[in-house]
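This report refers to the structure that appears directly beneath it.
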Amino acid sequence: MTISQPDPPTPALPAFAAVVVAAGKGLRAGGAVPKQFASWQGAPLVRHSVERLLAAGAAPLVVAIPADHHDDAAAALAGLAVTLVPGGATRQQSVRAALDHLAGDEAIQRVLIHDAARPDLPRAVIAALVAALDHAPGAIPVLPVVDSVVRGSAGRREAAVSRDGLYRVQTPQAFRLDVIVAAHRAWPAEREAGDDATVADAAGLAIALVSGDERLRKVTFASDFESPPRPSPSKDHTMICRTGMGFDVHRLVDGEELWLCGVKIDHPRGLSGHSDADVAIHALVDALLGAIAAGDIGDHFPPSDPQWKGASSDRFLAHAAMLVHNAGYSVANIDVTIICEAPRIGPHKAAMREALATIMGITIDQVSVKATTTERLGLTGRGEGIAAQAVATVTRPTP
């Protein structure tokens, strides 16, 4: 087995702002809410790229949202340092609304404009775009066209098209703030703009090309929200395997709801804590963070911060799962043990496993939930509280 080493410190990038476009209807993905607010890999789709941009240093970060979905957007991005602005009827109008919010701030020189439908945003692409603005007013990430290209009509092939000099364009797209604001303000309101490079090109701006990444694929259809197949080991590669452990305990008190593993349980007393005190999820969050050496739950959600008072712990777990994903790992399995005299956990195990799997974006066969007692010894044995311990194993292929 290959043992991984801690990643070296990541150098800070030059200052930049960001706009995330999340104002569309997302109709092709189906669902009760626009796709940008639907769960993908354990968190709302829009949250993934927003967290990546914030982690890379984006400040300020403006998200353009549908005017009638403010509550959905606020819930999807809870706890993140973002500004929400109502978008327009077209993508270009939404981008302009966000840029108008940034315009006039002389401290902002660079801005990245990104589509929320591209959640897997590598830091390397962000870094390349920001660096390109040192010698160009704009830059876009592209990938070469590797398949043969033909022109067709009425379902028939007409002619081959040379793929030399053709590229697939991705986002984010990077610009000097003043020039892209001017370009959007000059763009005719009645015209559609496929992307911001089109707007910039119409204004005569030179656009640099940087290497994109296949990870930046667009999430479009309902099938894109299904859990991806887990990689199976083969003789051709080895896996880096890391394990984290977590433990937590909370006091049982009158007048509180009892939440365990994301499931509300009917019980005379509940657990006391700053959030909803789901002791099992708290232990699991620490296990996941430990597996990637990312601190503990208190580092990410400090009890001293009033915004987490009474918060649902599934938000903590979704965030931890996202950090695992951002670090390049996949969750292989989790094992949670709840320690208490009451309530009986057995009748709730199936619901608990399903809840944890749904929050983390994994399959139920990767989730184990068990329970035990301390034979009436200690605080759990006396019924004063409930404890939980968790083990999480994460893997990634070797480079």
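Every number in this text was worked out from the coordinates using simple rules, so none of it is lab data. Please read these numbers as outputs of a predicted model, since none were measured by experiment. Here Cβ is always computed from backbone atoms with ideal geometry, including for glycine, and neighbour counts include all displayed protein chains.
So what is the relative contact order for region 125-221, in percent, with contacts set as C-alpha pairs under 8 Å and at least six apart? Can you show the working numbers first?
On the way: 135 pairs, mean separation 38.4, N = 97.
This gives 40 percent for region 125-221.
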Among 340, 301, 392, whose Cα projects farthest towards the positive end of the dipole of region 239-397, with charges put on the beta-carbon of Lys, Arg (+1) and Asp, Glu (-1)? 392
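Grab the DSSP H runs of the chain that are 4 residues or longer, score each as -39,500 (n - 2.57), total them, divide by all residues and round the 222 nm result to the nearest 500 deg cm²/dmol. Can you show the working numbers first?
Values: 11 runs with 104 residues, N = 399.
About -7500 deg cm²/dmol.
Could you list 167, 329 so that the one with the fewest beta carbons within 10 Å of its beta carbon is first and the one with the most is last?
On the way: 167 14, 329 21.
Ascending Cβ contact count within 10 Å gives the list 167, 329.
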How far is the Cα center of region 343-399 from the Cα center of region 121-142, in Å? 43
First select every other residue whose beta carbon is under 9 angstrom from the beta carbon of residue 151; then total the charges, Lys and Arg +1, Asp and Glu -1. 0
If Lys and Arg each add +1 and Asp and Glu each add -1, what is the summed charge of the other residues whose beta carbon sits under 12 Å from the beta carbon of residue 273? -3
Non-local amide H neighbours of residue 168 (under 5 Å, H modeled in plane, Pro and chain starts lacking H): which ones? 143, 145
What ranking, highest mean first, results for peptides 285-291, 159-165 when packing means the other Cβ atoms within 10 Å averaged over each residue? 285-291, 159-165
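Using the eigenvalues of the Cα gyration tensor, what equivalent ellipsoid semi-axes result for region 106-225 when each is taken as the square root of five times the eigenvalue, whole Å, largest first?
Working from the Cα gyration tensor, I get semi-axes of 27, 19, 16 Å.
Counting other beta carbons within 10 Å of each residue's own, what order do 50, 263 fall into, fewest first?
Values: 50 27, 263 20.
Final ranking by Cβ density, sparse to dense: 263, 50.
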Do you know the relative contact order of the chain, to the nearest whole percent, from alpha carbon pairs under 8 angstrom that are 6+ apart? 16
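Students often check this: by mean Cβ neighbours within 10 Å, which of 342-350, 36-44 ranks highest, and how do the rest follow?
Details: 342-350: 14.7, 36-44: 23.1.
Top to bottom by mean Cβ count within 10 Å: 36-44, 342-350.
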Putting +1 on Lys and Arg Cβ atoms and -1 on Asp and Glu Cβ atoms, find which of 162, 143, 241 reaches farthest to the positive end of the dipole of the chain. 162
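Provide the net charge surrounding residue 383, with neighbours chosen by a C-beta distance below 11 Å and charges set as Lys +1, Arg +1, Asp -1, Glu -1.
Values: positive: 251, 269, 376, 382; negative: 341, 384.
Surrounding charge for residue 383 is +2.
Any idea what the alpha-carbon Rg over 2.2 N^0.38 Å comes to for region 239-397?
Working: Rg = 14.9 Å, N = 159, 2.2 N^0.38 = 15.1 Å.
Taking the Cα Rg and dividing by 2.2 N^0.38 Å, one obtains 0.99.
In whole percent, what relative contact order does region 287-331 give with Cα contacts below 8 Å and a gap of six or more residues? The partial results should precede the final answer.
Values: 20 pairs, mean separation 18.6, N = 45.
Once divided by the residue count of region 287-331, the mean separation gives 41 percent.
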For region 355-371, Karplus couplings with θ = phi - 60° (6.51, -1.76, 1.60), whole Hz, Gly/Pro x: 5, 5, 4, 5, 4, 8, x, 10, 8, 5, 6, 8, 10, 10, 10, 10, 9
Amide H contacts of residue 276 (H built 1.01 Å from N, under 5 Å, at least 5 apart or other chain): 310, 311, 313
For region 17-225, what ratio Rg/Rh do Cα atoms give with a Kirkwood hydrodynamic radius? 0.97
Scalar couplings 3J(HN,Hα) for region 45-56 by Karplus 6.51 cos²θ - 1.76 cosθ + 1.60 (θ = phi - 60°), nearest whole Hz, x for Gly and Pro, are 3, 5, 5, 4, 5, 4, 5, 5, 5, 4, 5, 7
Would you mind pulling out the separation of the Cα centroids of region 239-263 and region 290-322, in Å? 12
In debye, nearest 20, what is the charge dipole magnitude of the chain about its Cα centre with +1 on Lys and Arg Cβ and -1 on Asp and Glu Cβ, if you could check? 920
Mind sorting out which of (i) 59; (ii) 55; (iii) 63 is the real percent of Cα pairs over 26 Å apart computed from the coordinates? (i)
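Sort the following peptides by mean Cβ neighbour count (other Cβ atoms within 10 Å, averaged over residues), highest first: 125-133, 169-177, 276-284, 187-195. Show your work: numbers first, answer last.
Numbers: 125-133: 20.7, 169-177: 24.7, 276-284: 28.9, 187-195: 12.8.
For the peptides 125-133, 169-177, 276-284, 187-195, the packing ranking is 276-284, 169-177, 125-133, 187-195.
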Unit charges on C-beta of K, R, D, E only; dipole of region 17-225, Debye: 540
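For 354, 214, which order do you get if you count the other beta carbons within 10 Å of each Cβ and list the fewest first?
Working: 354 16, 214 10.
Going from least to most buried by this count: 214, 354.
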Could you pull out every one of the lysines with an alpha carbon less than 21 Å from that of residue 309, ignoring same-chain neighbours closer than 8 positions? 264
